[in-house]
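The values are calculated or read from the model by the stated rules, or taken from the named source; none is laboratory data. Keep in mind that what you see is a predicted model, and the values were worked out from it rather than measured. No Cβ is skipped: glycine too gets one built from the backbone with ideal geometry, and neighbour counts run over all protein chains shown.
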């Protein structure tokens, strides 16, 4: 399946020390939505939380707890040499 480039952005209020958006190469919208902008944390659907390795990221983490509260826009096809993952993230350092 060809990879695509997506812009993923928040729909809620952004505070200091939080991400507001990122660009990701993924197979589809769902994969893009379930990617964390830090590039390493993963969504655990069974627990409804983001995890950084074995540790849960709390509700005041750097990204919304609910991936359904994100806007995912397809930018276009990725170049065949692109690997999946976060390519650029916007972080509001405080």
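Evaluate the range 24-44: report whether one residue or more is closer than 20 Å to residue 91 by Cβ, over 13 Å from the mean Cα position of the chain (by Cα) and not in a strand (DSSP E or B). No; the residues of the range 24-44 include none that is closer than 20 Å to residue 91 by Cβ, over 13 Å from the mean Cα position of the chain (by Cα) and not in a strand (DSSP E or B).
Filtering 6, 91 for residues that are touching a helix residue (DSSP H, G or I) at 6+ places or on another chain (Cβ under 7 Å) and at pLDDT 90 or above leaves a single hit, 6.
Kindly evaluate residue 47 against the criterion of being in a loop (DSSP other than H, G, I, E, B) and under 13 Å from the mean Cα position of the chain (by Cα). Break it down into steps so the answer makes sense when it comes.
Values: in a loop (DSSP other than H, G, I, E, B): yes; under 13 Å from the mean Cα position of the chain (by Cα): no.
It is false that residue 47 is in a loop (DSSP other than H, G, I, E, B) and under 13 Å from the mean Cα position of the chain (by Cα).
I'd like to know if the range 44-64 contains one or more residues that are closer than 22 Å to residue 81 by Cα and free of Cβ contacts under 8 Å to residues at least 40 places away in the same chain. No: the range 44-64 contains no residue that is closer than 22 Å to residue 81 by Cα and free of Cβ contacts under 8 Å to residues at least 40 places away in the same chain.
Report the residue count in the range 7-19 for those that are in contact (Cβ under 8 Å) with a residue 60 or more places away in the chain and more than 21 Å from residue 44 (Cα to Cα). Looking only at that region, the number is 5.
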